[in-house]
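Beneath this line is the structure, given in C-alpha cells, with notes to follow.
Every number here is computed from the coordinates shown, using simple stated rules; none is lab data. From a predicted model like this one, the values you see are computed outputs, not experimental measurements. Heads up, the Cβs are rebuilt from the backbone with ideal geometry, glycines too, and the neighbour counts pull from every protein chain shown.
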Amino acid sequence: MKKILAKISWFFSKLFGRRQYTSVDQEIRRKTIISLSVFTVLLFSGYKAWMWLLEQPEDADGVERHLRKGFEANEKVFGKIFSNQHMVKTFPKSEAAEKVRVNGDVGLGEGFDYKNWVLNIQKVSGDILTVPLSDILALPKTEIIYDFKCVEGWSQVSHWAGVRFSDFVEKYNLHEEVKMGYVGMETPDAKYYVGVDMASMMHPQTLLCYEMNNDYLPLIQGYPLRLIIPVKYGIKNLKRIGNISFSNEKPRDYWAENGYDYYAGL
Ligand SMILES: Nc1nc2c(c(=O)[nH]1)N[C@H]1C(S)=C(S)[C@@H](COP(=O)(O)O)O[C@H]1N2
Ligand SMILES: [Mo]
C-alpha cells in the first residue's frame, strides 16, 4: 500500500511539481496531460451523475423523484413566502371593466337550487355550521378593484365586494379551524374544488364575494358566493362556494390535479 502511495505521489510531483523545463515541447506535453486528465474526470463524473439520475425511481405520474423535490421546494418558497405577504395593487373604480370576462364553468351546471343555497362549514369538531346568504350580507362589506389574472394569459381590472374571509372567521369563531394549514372549498355539486394555504386565505384582500360592479354576482360568475383571492391566479377563485373545510394536508385541487402549480400564487 505504502509503495502504491509513493508511486502516486511521485507521479503527481512529476506532473505538477515546479521544475526547470528543458524544452517548450516538454511544457506543452505536461499541460496536455493535465487537461486530458481533468477532462476525463469531468466526463466520468458527469456520466455517473446522469446514470444515477436515470436509476432513480419515478413517481406515479412519471416525474423523477429528485426533480420532483426541486419542484416542491420551489412551490414552498414561491407559494408561501411571496404570494401572501404583500398587498395586491388596487385601482380606482373608473378603471374597472363594465363587461367582466367569464371563464370556466366547471361545477356551475344546470339544476342548481339557488333559493335553498346555504354555505356549509365543516368545523374541526366535526359539526357542520350552515350560514344563509342573508347572514353573510349582514357582515361588514369590503370592496376591491384589482387586476384579476388568469393563467391562460389574460387579465382584467374588475370590481368585487364581499366579506373578508378573516372577518368571517372572527364572526363565526373559527379560531380552531384557522390553526390548520389549508382551507378546502368546493362547489355544491363538488365538481370544482380548490385548496388554499391558510396565510393566503387570511390575507386582508381575500373575500367571500357576493357582488360584482355593485350588483349580485351573475349565476355564471358564482352567484350567490364566490372566492376572490387577489394573491392567487384565477384558477383558485372558486365560483359558487358550497362547502368549506379545514385540514393540515393539502385539500384536493382541480387544476393542481391537472398539472398546475398547487399554490398558483402571484
Ligand atoms: N366553479 C368554478 N369556478 C371557477 C372556474 C370554474 O371552471 N368553475 N374557473 C376558474 C378560472 S380558470 C378563472 S380564470 C376564474 C374566472 O372567473 P370569471 O368567470 O368571473 O372571470 O374562475 C375560476 N373559478
Ligand atoms: Mo383561469
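Whose amide H sits under 5 Å from the amide H of Phe246, counting only residues 5 or more places off or on another chain, with H placed in the peptide plane?
Here the answer is Gly184, since their amide H atoms fall under 5 Å of that of Phe246.
Residue separation times 0.36 nm, minus the C-alpha to C-alpha distance between Gln85 and Trp154: what's the value?
Contour length minus the Cα-Cα distance gives 22.5 nm.
Could you derive backbone 3J(HN,Hα) for segment 135-144 from the dihedral phi with the Karplus parameters 6.51, -1.76 and 1.60 (θ = phi - 60°), listing whole Hz in sequence and x where the residue is Gly or Pro?
Karplus-based 3J(HN,Hα) across segment 135-144 equals 5, 6, 5, 7, 7, x, 9, 10, 10, 8 Hz.
Cβ under 11 Å from Tyr233's Cβ, Tyr233 left aside: what net charge do those residues give with Lys, Arg +1 and Asp, Glu -1?
+1
Residue separation times 0.36 nm, minus the C-alpha to C-alpha distance between Leu43 and Glu95: what's the value?
Taking 0.36 nm per residue and subtracting the Cα distance, the gain is 12.9 nm.
If you filter segment 97-152 for trypsin sites (Lys or Arg not before Pro), then keep DSSP loop positions with at most 11 other Cβ within 10 Å, what is left?
Filter output for segment 97-152: Lys99.
Could you tell me the center-to-center distance, by alpha carbons, between segment 198-266 and segment 125-183 in angstrom?
8
Using the beta-carbon distance between Lys141 and Asn116 and R0 = 25 Å, what value does 1/(1 + (r/R0)^6) give for FRET efficiency, to the nearest 0.05?
According to the calculation, E is roughly 0.55.
Quick check: residue separation of Ser23 and Asp105 times 0.36 nm, minus the Cα distance between them. What number comes out in nm?
Full extension of this stretch gives 21.5 nm more.
With r as the distance between the Cβ atoms of Ala199 and Glu257 and R0 = 25 Å, compute the FRET efficiency 1/(1 + (r/R0)^6) and round to 0.05.
Efficiency, from the Cβ-Cβ distance: 0.65.
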